[in-house]
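Each value in this text was obtained by applying a stated rule to the coordinates, not by laboratory testing. None of these values were measured; they are calculated from a predicted model. Note that we place each Cβ from the backbone using ideal geometry, even for glycine, and neighbour counts take in every protein chain shown.
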Amino acid sequence: MLKILVIHGPNLDLLGRREPEVYGKVTLKEINDALEELAKSKNVALTVFQSNHEGEIVSIVGKASAEFNALLINPAAYTHTSVAIRDAILSLSIPVIEVHLSNIYAREEFRSKSLISPVVKGGVYGFGLESYILGLNAAIPLAKQNATEK
Ligand code: DQA
């Protein structure tokens, strides 16, 4: 069975009550439930992880190739700051897809720089929960390809 890791970065545990004018009212549980439903229908095993701690995310990302066939990640605020997460992604031999709920290019200037985008397979941003669904749909065939290469 294909295995895909989903990582949610800092403050995404607050979705639903965090800046609803930007992120909508969707909660992290609703996002995870929607991802789980899609994964089930495609016979994919999902592991979902949220952390507010950069080092924890770095450690989980660094080990991802050993266990998973693809990584879907919303690095949240670390998108714009974390050389460490970027370097951990560079160490991987599985496809990585970057996801954002909001359009990071249409907000404050500092959000339009992603340290992650240049080192991932591709990204989806601006569609709220749908960004994750599109990201997972993109990840599945890439994960299949990765599994055959392993
Ligand atoms: C975000 C965008 C980031 O700039 C922000 O720090 C987040 C969420 C998004 O999903 O739109 O926490 O990654």
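Determine whether the range 108-127 contains at least one residue that is in a helix (DSSP H, G or I), near the ligand (Cβ under 9 Å from one of its atoms) and either farther than 17 Å from residue 39 by Cα or touching a Cys at 6+ places or on another chain (Cβ under 6 Å) (or both). Yes, the conditions are met somewhere in the range 108-127.
Of the residues making up the range 128-150, those that are of a type in the set (D, E, K, R) and either within 10 Å of the ligand (Cβ to nearest atom) or over 30 Å from residue 20 (Cβ atoms) (or both) are 144, 149, 150.
Among the residues of the range 59-79, those that are hydrophobic (A, V, I, L, M, F, W, C) and more than 21 Å from residue 39 (Cβ to Cβ) comprise 76, 77. The set of residues in the range 128-150 being assigned to a loop (DSSP other than H, G, I, E, B) and under 14 Å from the mean Cα position of the chain (by Cα) consists of 128 alone.
Scanning the range 37-83 for residues that are over 22 Å from residue 142 (Cα atoms) and not in a helix (DSSP H, G or I) yields 50, 51, 52, 53, 81, 82.
Report yes if some residue within the range 63-71 is closer than 23 Å to residue 18 by Cβ and surrounded by 14 or more Cβ atoms within 10 Å (Cβ to Cβ); otherwise report no. No, there is no match, as no residue in the range 63-71 is closer than 23 Å to residue 18 by Cβ and surrounded by 14 or more Cβ atoms within 10 Å (Cβ to Cβ). Does residue 67 fit the bill of being under 22 Å from residue 121 (Cα atoms), more than 13 Å from the ligand (Cβ to nearest atom) and of a type in the set (Asp, Glu)? Judged against the criteria, residue 67 is a match.
Beta carbons closer than 7 Å, at least 6 apart along the sequence or on distinct chains, pair a first residue in the range 7-32 that is touching a residue at least 12 places away in the same chain (Cβ under 8 Å) with a second that is among the basic types (Lys, Arg) and away from the ligand (no atom under 11 Å from the Cβ) for 16/25. Inclusion of residue 94 among residues that are of a type in the set (A, V, I, L, M, F, W, C), in a loop (DSSP other than H, G, I, E, B) and crowded, with 17+ Cβ neighbours inside 10 Å is warranted.
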